[in-house]
Amino acid sequence: MGQSLRVLVLVPHLRGGGAGKVATLVAGGLSKEKYEVHLGLVTEANRNFDNLPPPVIVHALGGRRVRSGAIPLVRLVRRIRPDVILSGAAHLNFLVLLLRPLFPRKTRVLVRQDVTVSSVLKFGSVPWYTSLLYRSLYRRADHVICQSHAMADDLARELRMGKERIAVLPNPVDLDQIHAVCGATGQPSAWWTGPGPHLLAVGRLAREKGFDLLLEALVTVRERFPRTDMIIAGAGPEEGALKAQCRLLGLEGVVRLPGHVQRPYIFYAGTSLFVLSSRYEGMPNALLEAAAGGLPIVATPASGGVVDLLRNRQKAWLTPEISAVSLASTLVKALEALNPGHRTHRSFSPAGAPEAWRNVP
């Protein structure tokens with residue numbers, strides 16, 4: 001048997017968010033016979049990582065911010081000399097590609113793009129030089145990984161990059177764990193009270209996720225379905241503003257914000273609809289998990305990948321546009337089409353289990 005390929009998976013941290021979840025699934029899912037897997041956490045200090053299998057070697061670099069992890073990152077790469085580096089968040093991608101001339105020459109660098117480039121440049125409130133960073137630094141990558149063909153086409157167009165250097169791989173999803181939780185017996189009342197309908201949304205509490213639009217839409221939905229309530233699982237900078245909006249709209253006691261939840265599928269039992277309200281997206285893990293868990297879904301056309309995933313699917317509704325009015329009307333339409341208390345069987349299984357990543361390096 002030949003020598004194992006040494007792979008270094010890089011992510012800022014494992015304190016919530018899609019990048020950390022993807023990194024965990026990829027690192028844990030790569031073949032231990034074929035790969036020696038290292039996981040580099042740029043802004044984590046030493047702590048326990050119980051959700052990672054023992055063969056994964058964890059390096060907590062302890063940077064206060066991603067950019068302050070530059071020197072520890074170079075030292076790590078020079079010490080373990082990986083054959084492949086896989087970086088998994090845009091701001092970390094920029095740092096890794098900027099530092100690439102300091103890495104061993106034979107090290108291949110793959111970066112995972114987690115949002116649609118044109119959308120983040122247009123709507124993301126990013127610094128003016130972000131476009132320059134994308135265009136200058138992404139050319140240093142051996143491959144850029146996108147979650148959908150629509151994302152790949154957008155990236156190739158925006159960055160004038162040849163498609164031969166872009167790979168399309170959906171985010172990995174832990175189907176076994178989702179099905180185990182969804183199939184377990186338990187009382188939905190552990191999370192939901194009242195007759196519902198019950199709406200679930202999951203994501204970082206940030207403007208791009210459109211939760212402010214969803215709260216506005218909920219007011220209209222409750223005119224038709226007065227017992228509707230909602231959980232928004234996630235943490236982020238907009239938490240205070242969303243709680244204030246709930247008070248202003250009279251939704252206190254109707255909307256719960258439990259913070260970051262590592263396994264949001266614990267809420268699936270009893271959920272009437274999963275809602276994706278984003279202004280822009282890549283291919284969010286929360287949506288893939290909801291699809292795998294068999295939840296009916298209402299989503300905005302936040303990216304071409306989202307539209308491609310849900311178009312013509314049973315129990316899935318796309319809003320005509322991204323607005324509170326459009327969300328409200330589509331939610332009402334979906335709830336009217338669903339039988340009270342109905343749960344669909346898993347109508348489709350999103351691709352992207354860890355096995356799909358095994359041939360990437």
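A few comments on the model shown:
- Lone qualifier among 77, 58, 66 - being β-branched (Val, Ile, Thr) and more than 23 Å from the chain's Cα centre (by Cα): 77
- Sole residue being surrounded by fewer than 13 Cβ atoms within 10 Å (Cβ to Cβ), under 23 Å from residue 20 (Cα atoms) and not assigned by TED's automatic domain parsing to the domain that holds residue 52, chosen from 180, 233, 190, 244: 180
- Checked against (1) out of contact with any helix residue (DSSP H, G or I) (no Cβ under 9 Å at 6 or more places or on another chain); (2) surrounded by 20 or more Cβ atoms within 10 Å (Cβ to Cβ); (3) not in a strand (DSSP E or B), residue 45 passes all but a single condition, namely (2).
- Residue that is part of a helix (DSSP H, G or I) and in contact (Cβ under 8 Å) with a residue 24 or more places away in the chain, where the choices are 86, 99, 110: 99
- Per-region count, the range 125-141, residues surrounded by fewer than 21 Cβ atoms within 10 Å (Cβ to Cβ) and part of a helix (DSSP H, G or I): 9
Each row is one residue, and each column tells you yes or no for (1) of a type outside the set (Val, Ile, Thr); (2) surrounded by fewer than 24 Cβ atoms within 10 Å (Cβ to Cβ); (3) at pLDDT 95 or above.
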residue	(1), (2), (3)
252	yes, yes, no
263	yes, yes, no
277	yes, no, yes
282	yes, no, no
287	yes, no, no
302	yes, no, no
307	no, yes, no
310	yes, yes, no
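- Of all residues in the range 243-273, exactly one satisfies the criterion of being among the basic types (Lys, Arg) and part of a strand (DSSP E or B), namely 256.
- Here the condition is being modelled with pLDDT under 85, surrounded by fewer than 18 Cβ atoms within 10 Å (Cβ to Cβ), of a type in the set (D, E, K, R) and outside the structural domain of residue 229 (by TED's automatic domain parsing); of 106, 122, 163, it holds for 122 alone.
The values are calculated or read from the model by the stated rules, or taken from the named source; none is laboratory data. Quick caveat: nothing in here was measured; it's all calculated off a predicted structure. A quick note on method: Cβ atoms are made from the backbone with ideal geometry, for glycine too, and the neighbour counts reach across all protein chains shown.
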